[in-house]
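Please treat every number below as a calculation from the coordinates, not as lab data. A quick note: this is a predicted structure, and the numbers were derived from the prediction, not measured. Because the Cβ atoms are built from the backbone with ideal geometry, glycine has one as well, and the counts that use them run over all protein chains shown.
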Amino acid sequence: MTVKMVQAIVLVLMIFTVQAGAQEQELHQPPSQPSVRFEAVDVYMDSGDQPLAAYQFEFAAEAGEIAIVGIEGGEHPAFKEPPYYDPAALSKERIIIAAFNTGRNLPKDKTRVATLHVQVIGETGPEYVVKLEVAASAEGQRIPATVTLAKGEKRK
């Protein structure tokens, strides 16, 4: 064997070794982690001219992957405290939330009753839905109301 043949064989072996090492490194790379971000979702109730004393709604994500990581109360003093919910439902994509106040100082018209803090996982933006189960007066009578969502609104 000539020196040039040995050099060619060594060069070929070096190329195969480098390629095999690169392939092995690719195999041992940890899977890429999905992107994660956080956002606030404000929940508004509008009871028109009726004082709102109680409500219950269901919140869910129809699209996208989320985890609910926190819930805070609303802007009106009657609903300043965080609403009631099942703590086991936190970190899920669906939750039922309720609150009541038997006082005299109750909100009318549109008011923010809660803010949900949500972890969004992946690139797909979530599509939130909210369904009002009930709204009631201080006397326990059902009242007409609507519930709406707003992402990341600035507060006063």
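Overview of values
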item	result
Segment residue 108-residue 58, length gained on full extension (0.36 nm per residue, minus Cα span)	15.9 nm
Whole-Hz couplings from phi, Karplus 6.51/-1.76/1.60, listed for the stretch 38-46; x for Gly and Pro	10, 8, 9, 10, 7, 10, 10, 10, 10
Sites residue 92 and residue 15 - FRET efficiency at Förster radius 30 Å, r taken between beta-carbons, to 0.05	0.05
Residue 40 versus residue 129: modelled label distance in nm, points set 7 Å from Cα along the beta carbon direction	2.7
Charge tally in the Cβ shell below 10 Å around residue 107, where Lys, Arg are +1 and Asp, Glu are -1, residue 107 excluded	0
